[in-house]
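See below for the structure under consideration.
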Amino acid sequence: MAIRSPIIVVLGHVDAGKTSLLDRIRNTSIINKEAGEMTQHIGATEVSIEVIKNISKTLLNIYKFELKIPSLLFIDTPGHEAFSNLRKRGGSVSDFAIIVVDILEGFQKQTYEAIEICKNLKIPFLIALNKIDRIDGWKPNNEKPFIETIKQQDQKVQAKLDEYVYNIVVKLYEFGFDSDRYDRIKDFRKQVAIIPLSARTGEGIPDLLLLISGLSQRFLEEKLKINVEGSGIGVILERKEEKGIGDVIDIILYDGRIKKGDKIAFLTRNGVKYAKIKSLLKPQNLTDIRFAKNKFNEINEVYAAAGIRIVADNLEDALPGSTIYVFNKDEELKDIENRLKAD
Ligand code: GTP
Ligand code: MG
């Protein structure tokens, strides 16, 4: 049994800063490539544990624990009201959620929706209380952990921040969740962590990455254990036509493995369909699958969890949101068909 990467969905109201947060982590400028700076598709980004160790190294010296997961796989979602299906689809494959809240705005319509999604799907979540750099009088300390930068703020600013945190605590309480600023939490199983941060200055991001890594490997260990030799299972995020390549589907593989030449089954509007994988493309580390374009590596096989692109014939009416199963023996088909139809 190996431990796979946790899948983390990023949810929150329009403009809360979901894409900026991932962007800051990736250090690329995806935001400039998006129409109107609004995320219209789900994307996936893998951040390796080496990168996380590097970003969080000062905190790791304090909290000393061993990181066992291979990477974190982030799924961005759009906050616009119309894309509720994409948020649910992202949530349905995820192990953990980050709900991004704009500190000056507090809870907004899609913040409530995000909490409902986590509650219904039973996904543990934390709150990224974003844009702390916009608090009156805030002195930025780029890239610093929150627990360091907060000590360097004036008393008045510290009090103001805690007032904002308190407002969130009250809102979460109305949902039946006990919560606190993350550095004051004693038992992370009982309280929802609130991490003040800034996607603009990078403050608090070391805390966020380390906390997600630590919590997911500690509390989700059983769920993350996979049989790496098992047949792959994933979910289709998107289907599209790529010039010169043909139809492709972007999927999140959350169990087992998938190989070039494997047969796959998935849903279409007209029932279950099959295809044979012509090639498997994996975006390079730290690139978002939506913008990877020529930053894809062709691979022969991949293990969960991963965001990958599949090239095959017969994908033209593959249904986004459908589960996708790898099968190698035709005897398995009846069972897979039944599982797909039951979804
Ligand atoms: P949707 O995808 O449309 O739901 O929005 P989003 O949540 O991905 O928000 P996005 O990252 O596009 O950010 C919205 C705006 O907030 C942009 O103008 C960002 O530059 C700004 N922004 C994001 N994070 C921060 C931050 O930490 N501080 C400040 N000052 N501005 C921020
Ligand atoms: Mg966005």
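The values are calculated or read from the model by the stated rules, or taken from the named source; none is laboratory data. Since the structure is predicted, the reported quantities are computational estimates derived from the model, not experimental observations. All Cβ positions, even for glycine, are placed from backbone atoms using ideal geometry, and neighbour counts span all protein chains on display.
Would you check if there is a residue in the stretch 235-251 being part of a strand (DSSP E or B) and over 24 Å from Arg89 (Cβ atoms)? Outline the logic, then answer.
Of the residues in the stretch 235-251, the ones part of a strand (DSSP E or B) are 235-242, 246-251.
Still in the running and over 24 Å from Arg89 (Cβ atoms): none.
No, the stretch 235-251 contains no residue that is part of a strand (DSSP E or B) and over 24 Å from Arg89 (Cβ atoms).
State yes or no: is Ile103 within 13 Å of the chain's Cα centre (by Cα), among the aliphatic types (A, V, I, L, M) and within 14 Å of ligand 1 (Cβ to nearest atom)? Spell out the reasoning first.
Numbers: within 13 Å of the chain's Cα centre (by Cα): no; among the aliphatic types (A, V, I, L, M): yes; within 14 Å of ligand 1 (Cβ to nearest atom): yes.
Taking the combined requirement at face value, the residue does not satisfy it.
For the stretch 94-132, which positions are hydroxyl-bearing (Ser, Thr, Tyr) and either at pLDDT below 95 or under 18 Å from Phe219 (Cα atoms) (or both)?
Start the filter on the stretch 94-132 by keeping residues that are hydroxyl-bearing (Ser, Thr, Tyr), which leaves 94, 111-112.
Within the stretch 94-132, Ser94 is the sole residue that qualifies.
Pick from the stretch 11-24 the residues that are part of a helix (DSSP H, G or I) and either among the hydrophobic types (A, V, I, L, M, F, W, C) or over 13 Å from the mean Cα position of the chain (by Cα) (or both): which of them is farthest from ligand 2 (Cβ to nearest atom)? It would help to see each step written out before you state the result.
Step one: of the stretch 11-24, the residues part of a helix (DSSP H, G or I) are 18-24.
In the following step, the residues that additionally are either among the hydrophobic types (A, V, I, L, M, F, W, C) or over 13 Å from the mean Cα position of the chain (by Cα) (or both) were identified as 20-22, 24.
Details: Ser20: 8, Leu21: 9, Leu22: 8, Arg24: 12 Å.
The residue in question is Arg24.
Failed condition for Ile98, given (1) away from ligand 2 (no atom under 16 Å from the Cβ); (2) surrounded by 14 or more Cβ atoms within 10 Å (Cβ to Cβ); (3) under 24 Å from Lys53 (Cβ atoms); (4) in contact (Cβ under 8 Å) with a residue 12 or more places away in the chain, with all others met?
With respect to (1) away from ligand 2 (no atom under 16 Å from the Cβ); (2) surrounded by 14 or more Cβ atoms within 10 Å (Cβ to Cβ); (3) under 24 Å from Lys53 (Cβ atoms); (4) in contact (Cβ under 8 Å) with a residue 12 or more places away in the chain, Ile98 is out only on (1).
Within the stretch 313-343, how many residues are out of contact with any Gly (no Cβ under 9 Å at 6 or more places or on another chain), more than 17 Å from Lys276 (Cβ to Cβ) and hydrophobic (A, V, I, L, M, F, W, C)?
Number of matching residues: 2.
Give Ile49, Ile8 a once-over and let me know the one that is away from ligand 2 (no atom under 16 Å from the Cβ), hydrophobic (A, V, I, L, M, F, W, C), touching a strand residue (DSSP E or B) at 6+ places or on another chain (Cβ under 7 Å) and at pLDDT 85 or above.
Numbers: Ile8 fails: away from ligand 2 (no atom under 16 Å from the Cβ).
Testing whether each residue is away from ligand 2 (no atom under 16 Å from the Cβ), hydrophobic (A, V, I, L, M, F, W, C), touching a strand residue (DSSP E or B) at 6+ places or on another chain (Cβ under 7 Å) and at pLDDT 85 or above leaves just Ile49.
Look through the stretch 169-228, keep the residues that are of a type in the set (A, V, I, L, M, F, W, C) and assigned to a loop (DSSP other than H, G, I, E, B), and return whichever of them is nearest to ligand 1 (Cβ to nearest atom).
From the stretch 169-228, those of a type in the set (A, V, I, L, M, F, W, C) are 169-170, 172, 175, 177, 185, 188, 192-195, 197, 199, 205, 208-212, 215, 219-220, 224, 226, 228; that's our starting set.
Checking the rest, the ones that are also assigned to a loop (DSSP other than H, G, I, E, B) come to 175, 177, 185, 188, 197, 199, 220, 228.
Details: Phe175: 21, Phe177: 22, Ile185: 22, Phe188: 24, Leu197: 7, Ala199: 4, Leu220: 25, Val228: 33 Å.
It comes out as Ala199.
Scanning for something surrounded by fewer than 16 Cβ atoms within 10 Å (Cβ to Cβ), at pLDDT 95 or above and out of contact with any Lys or Arg (no Cβ under 9 Å at 6 or more places or on another chain), does the stretch 235-246 turn up at least one residue?
Within the stretch 235-246, none of the residues are surrounded by fewer than 16 Cβ atoms within 10 Å (Cβ to Cβ), at pLDDT 95 or above and out of contact with any Lys or Arg (no Cβ under 9 Å at 6 or more places or on another chain).
Can you find, within the stretch 123-137, the residue that is farthest from ligand 2 (Cβ to nearest atom) among those that are part of a loop (DSSP other than H, G, I, E, B) and touching a strand residue (DSSP E or B) at 6+ places or on another chain (Cβ under 6 Å)?
At the first step, the residues of the stretch 123-137 found to be part of a loop (DSSP other than H, G, I, E, B) are 123-124, 131, 135-137.
If we keep only those that are touching a strand residue (DSSP E or B) at 6+ places or on another chain (Cβ under 6 Å) too, we end up with 123-124, 131.
Details: Ile123: 19, Pro124: 22, Lys131: 14 Å.
Going through the qualifying residues, I end up with Pro124.
Please enumerate the residues belonging to the stretch 44-94 that are more than 16 Å from ligand 1 (Cβ to nearest atom), assigned to a loop (DSSP other than H, G, I, E, B) and in contact (Cβ under 8 Å) with a residue 40 or more places away in the chain.
Selection gives Ser56, Phe65, Leu67, Lys68, Ile69, Pro70, Val93, Ser94.
I'm checking my understanding of the structure. Among residues of the stretch 293-330 that are under 17 Å from the mean Cα position of the chain (by Cα) and of a type in the set (Gly, Ala, Ser), which one is farthest from Ile3 (Cα to Cα)?
Selected residue: Gly321.
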